[in-house]
Amino acid sequence: MNDMPCFVWRASAAIGAMALATILCFSPALAEPTSITVAKEYGIGYLPYMIMEHNKLIEKHAAALGVKDLSVTWQTFGGSGLMQGAMIAGRLDFASSGVPWFLTMWDKLNAQVKSPGALDSMPLYLNTRNPEVKTLKDFSDKDRIALPAVKTSVQAMTLQMAAAAVFGVDNAGKLDALTVSLSHPDAMNALLSGISEIDSHFTSPPFQDLELKDSRVHKVLSSYEFTGGQTTFIISWTTSKFYQDNPKTYQAFTEALLESQAFIAREPAEAARIYLEMSADKRLTQDALLAMLKNPDYKYTHVPQNVMKYAEFMIRTGSMKTRPASWKELFFPNVHDAPGS
């Protein structure tokens, strides 16, 4: 590989420009790695990764490509911000997040991170136990909305999109002051406790489905109301350096992702069993989870859907500076001609 210049993030020095320069500098290609680290968060949005971990699919495909004895470490994070820091520090090879976090990284790292493909498309619900709240206009200073990360998570960005639609784009941040950063499991526990100041939760599957089983909780909105239908929820991403330096390991990852998504479609009951085993979620039953996996709105596909809706909104509100010429700028070539892309 020809030497190429390093790309240094233009963002705050607090992130650590030197660590970033180290991870994104291009150097002559080395041998395929002997180990990689992959990150995920909570919920059935990450089920493809859980299947990949449980069934050792990356290792299987790596071995078939001649990368023997690849060791794969899986880390679970409570929010994408922590994952972003770990990627910048060089402690991760593949990350996963809601679309806005990925777009922020793509923008600030001069397009030196891209996606090998989506994990799924799913609607996100804003639930509340406040009986007075029927629409966004009903929220008051007394309400608190939990979501994974204030202003930056996919839920926070979707809340801004919804606020822009209701109150005007100049008031996209109108409800930001009501938001609180909490992991989905903690937010669900707070909402259902009935005693926490957290009375609302912009959430994701399966937490939104579990919350709505409680008679005190109702749905205020679905993200699909503001994105125009099925929209990518979780997206995978890695650095261009990893893609170029490790073609066989990258291919093993993408093949494992495709196999995991096909497995969920072919064997939903076994996929549900694996999720319950790995998550140790005592609130869910096998039947309840299987019903979620059969929900036509919950689609496990590597094909991106409506990703540019978030990019266009982030450009318009100043959260993103660089406008992708098309969605293909955000993805590696293996996705460009995929059926449905």
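The values are calculated or read from the model by the stated rules, or taken from the named source; none is laboratory data. Model, not experiment: these values are computed from the prediction. Neighbour counts run over all protein chains shown; Cβ positions are idealised from the backbone, glycine included.
Conditions (1) in contact with an Asp or Glu (Cβ under 6 Å, 6 or more places away or on another chain); (2) surrounded by fewer than 20 Cβ atoms within 10 Å (Cβ to Cβ); (3) closer than 19 Å to Tyr298 by Cβ, marked per residue:
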{"position": "Leu182", "(1), (2), (3)": "no, no, no"}
{"position": "Ser196", "(1), (2), (3)": "no, yes, no"}
{"position": "Pro205", "(1), (2), (3)": "no, no, yes"}
{"position": "Ser215", "(1), (2), (3)": "no, yes, no"}
{"position": "Ser223", "(1), (2), (3)": "no, no, yes"}
{"position": "Thr227", "(1), (2), (3)": "no, no, yes"}
{"position": "Ala252", "(1), (2), (3)": "no, no, no"}
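Kindly establish whether Val133 is free of Cβ contacts under 8 Å to residues at least 60 places away in the same chain, more than 14 Å from Glu225 (Cβ to Cβ), out of contact with any Leu (no Cβ under 8 Å at 6 or more places or on another chain) and not acidic (Asp, Glu). Judged against the criteria, Val133 is not a match.
Within region 137-160, the set of residues being assigned to a helix (DSSP H, G or I) and either of a type in the set (Phe, Trp, Tyr) or surrounded by fewer than 22 Cβ atoms within 10 Å (Cβ to Cβ) (or both) comprises Lys137, Asp138. You will find that of Leu221, Leu258, Leu192, the residue that is assigned to a strand (DSSP E or B) and of a type in the set (A, V, I, L, M, F, W, C) is Leu221 and no other. Does Ala190 satisfy being within 20 Å of Met157 (Cβ to Cβ) and assigned by TED's automatic domain parsing to the domain that holds Asp138? Considered against the rule, which asks whether it is within 20 Å of Met157 (Cβ to Cβ) and assigned by TED's automatic domain parsing to the domain that holds Asp138, Ala190 comes out as no.
Only residues that are of a type in the set (A, V, I, L, M) and more than 21 Å from the chain's Cα centre (by Cα) were counted across region 281-307, and they come to 4. Just to be sure, is Ala252 closer than 25 Å to Pro185 by Cβ and over 20 Å from the mean Cα position of the chain (by Cα)? It is false that Ala252 is closer than 25 Å to Pro185 by Cβ and over 20 Å from the mean Cα position of the chain (by Cα). Just wondering, is there one or more residues in region 228-251 that are over 21 Å from Val335 (Cα atoms) and either at pLDDT below 95 or not assigned by TED's automatic domain parsing to the domain that holds Phe102 (or both)? Yes, that holds for at least one residue.
I'm trying to understand the selection: among the residues of region 278-290, which are without any contact (Cβ under 8 Å) to a residue 60 or more places away in the chain and not in a loop (DSSP other than H, G, I, E, B)?
If the condition is that a residue be without any contact (Cβ under 8 Å) to a residue 60 or more places away in the chain and not in a loop (DSSP other than H, G, I, E, B), then Gln286, Asp287, Leu290 are the ones that fit.
The conditions of being of a type in the set (Asp, Glu), in contact (Cβ under 8 Å) with a residue 40 or more places away in the chain and either more than 16 Å from His54 (Cβ to Cβ) or loosely packed, with under 15 Cβ neighbours inside 10 Å (or both) are not met by Glu267.
Going through (1) outside the structural domain of Tyr49 (by TED's automatic domain parsing); (2) at pLDDT 95 or above; (3) within 19 Å of the chain's Cα centre (by Cα) one by one, Thr152 falls short only on (2).
When region 23-44 is limited to residues that are assigned to a loop (DSSP other than H, G, I, E, B) and of a type in the set (D, E, K, R), the one that is modelled with the highest pLDDT turns out to be Glu32.
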